[in-house]
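Note sheet for the following structure.
The values are calculated or read from the model by the stated rules, or taken from the named source; none is laboratory data. Quick caveat, the model's predicted, so the values are computed rather than measured. We place every Cβ from the backbone using ideal geometry, glycine too, and count neighbours over all the protein chains shown.
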Amino acid sequence: AGITRGCNPPANNLFCPNDTVTRGQMAAFLVRAFGLTEAGDVDFADDDGSVFEDEIEKLAVAGITRGCNPPTNDRFCPSDPVTRGQMAAFLRRALDGS
């Protein structure tokens, strides 16, 4: 379905089924799964240079993420793992917007 491309960008020739998912990877999954294309001027302080920067910004423009450090929410924490609770919140916001 094109939702995942692998766990070792840019080669993406491995899947790594036993690895945890990072927030950056999760952003890419959701952007692909929901076909999010709208980019904007959302800029987290810690996503510059991340391979997932475009996906993180699309997720933010869609209102699916707010950041990782409330209440300021000026960071995304792309390398942090996603907890089950966070994943539930991301999915809820994604499904509410579709």
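Screening Ala45 on (1) of a type outside the set (Asp, Glu); (2) modelled with pLDDT of 95 or more; (3) within 25 Å of Asp19 (Cβ to Cβ) shows it passes everything except condition (3). Entry remark, region 16-70: residues being among the polar types (S, T, N, Q) and either under 18 Å from Leu91 (Cα atoms) or in contact with a Leu (Cβ under 6 Å, 6 or more places away or on another chain) (or both) number 5 in total.
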